[in-house]
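Everything below concerns the one structure shown next.
Derivation of every value follows stated rules applied to the coordinates shown; laboratory data play no part. All of these numbers come straight from a predicted model, not from anything done at the bench. A quick note on method: Cβ atoms are made from the backbone with ideal geometry, for glycine too, and the neighbour counts reach across all protein chains shown.
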Amino acid sequence: MKKAGTVPDLISIIVTTFDRPDALGVVLRSLARQSDRSFEVLIADDGSGPATVVLIEQWKPRLGVALSHVWQEQRGFRAAEIRNRAIRASRGEYCVFLDGDCLVRPDFVATHRRLAERGWFVTGNRALMTQALTKEALRRNLEVEQWGTADWIGQRFRGGLNRLAPVLRLPLGPLRKMRPLAWEGARSCNLAAWRADLDCVDGFDASFSGWGKEDSDLLVRLLHAGVRRKDGAYATGVLHLWHPEADRSHLAQNERRLAGVIASRRVRAEKGMASLDHDVAPAGAGSSMAGTG
């Protein structure tokens, strides 16, 4: 049955992960409970080991929608490149990017479908769970994605959550377009864009080395291409499980690179999806991990 919104049919949910099957398992659990079923899931795997492969195989018959595994050899933080591989493997006209430690509520896909609009990308937000709440949720298999507002208000007062805004719902209407040219504050852990727009800018730029700013670069280039920002706050918020801070040794270098992109008005990635055209799968990668599984 055709859903409301402007997305004609299939939405591609691209979930980035690296060697954290415990978190990925509960993220897939939250995706299995979506009210809107017209979506596929692609695991963009930046070099995880066998435990992640086993988990994905276990979920394939249980998820209720198509589940693919897109894998690349682990050679440091290469989130931009693995997302590009997943984009190329996707079948939907609309892509929603999600991190493999971000749980979604049952209307996540339906809400992104409702907010989708040609000429706009949608930036969501996140609530950070503390280390203690994350450990408890994973140990006891708590279905936190099903919790209501009252539960999260209680957690906020108990210190289990860093802020309430991402778990609240407000009908912002035209206010969602108040910052059409802003890229600041948006993150690829909860971001949606039309596949045609991603093709136009050639996806993420894998020339960004290590953690940081590769998602900002994508948004800046989308803005350069004429795509505008629509705010998904108070509608699409995700629940971000705690994890240790990533290595930020490349951040200053990536910030300088981003500043150059902003000044240049460049649209296409220097090392985007087109750079994968002549790519050779790494030796030793199993068939279930070298492409879509």
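Can you show me the helix-derived [θ] at 222 nm for the chain, built from DSSP H runs with n ≥ 4 at -39,500 (n - 2.57) apiece and divided by the number of residues, rounded to the nearest 500. Walk me through the numbers before you get to the answer.
Values: 10 runs with 96 residues, N = 293.
One gets -9500 deg cm²/dmol as the mean residue ellipticity at 222 nm.
Remark: spin-label model distance S209-Q131 equals 3.1 nm, labels positioned 7 Å along the Cα→Cβ axis.
Using Cβ contacts closer than 10 Å as the measure, can you line up R91, R105, R195 from fewest to most?
Numbers: R91 14, R105 22, R195 17.
By the 10 Å Cβ count, ascending: R91, R195, R105.
Given R0 = 30 Å, the distance between the Cβ atoms of R169 and R37 translates into a calculated FRET efficiency of 0.90.
Give me the extension gain from F157 to H243: residue separation times 0.36 nm, minus the current Cα-Cα distance, reported in nm with one decimal. If you can, show how the numbers build up before the last one.
Values: separation 86, 0.36 × 86 = 30.96 nm, distance 2.12 nm.
Between F157 and H243, full extension yields an extra 28.8 nm.
Across R266, R83, R126, mean-square fluctuation computed from a Gaussian network of the chain (C-alpha pairs under 10 Å connected) peaks at R266. Extending 7 Å from the Cα toward the beta-carbon at both D199 and I262 defines two label points whose distance is 3.1 nm.
Length gained on full extension, A274 to D9: 92.8 nm, using 0.36 nm per residue less the C-alpha separation.
Backbone phi angles across segment 181-192, fed through the Karplus curve with coefficients 6.51, -1.76 and 1.60 (θ = phi - 60°), yield HN-Hα couplings of 10, 8, 10, 5, x, 8, 9, 7, 6, 7, 8, 10 Hz in residue order; Gly and Pro are listed as x. Residues considered: H240, H112, H250. Largest GNM mean-square fluctuation over the chain, using C-alpha springs under 10 Å, is found at H250. Over 32 Å between Cα atoms: which of K60/K135; K230/K271; K177/K271 fall into that group? Beyond 32 Å between Cα atoms: no listed pair.
Exposed loop positions in the chain were taken to be GluC sites (Glu not before Pro) whose DSSP state is not H, G, I, E or B and which have at most 11 other beta-carbon atoms within 10 angstrom. Between these positions, the longest stretch is 1-183. Taking amide hydrogens as placed 1.01 Å from N in the peptide plane, the amide H of T236 sits under 5 Å from those of N125, each at least 5 positions away in sequence or on another chain. Phi-derived couplings, Karplus 6.51 cos²θ - 1.76 cosθ + 1.60 at θ = phi - 60°, listed residue by residue for segment 18-25: 8, 6, 9, x, 5, 5, 4, x Hz, with x used for Gly and Pro. Rounded to the nearest Hz, the phi-derived 3J(HN,Hα) couplings of segment 196-201 under the Karplus curve 6.51 cos²θ - 1.76 cosθ + 1.60 (θ = phi - 60°) are 4, 6, 5, 5, 4, 9, where x marks glycine and proline.
Computed extension length for Q253-W147: 34.1 nm, one decimal, from 0.36 nm per residue of separation with the Cα-Cα distance subtracted.
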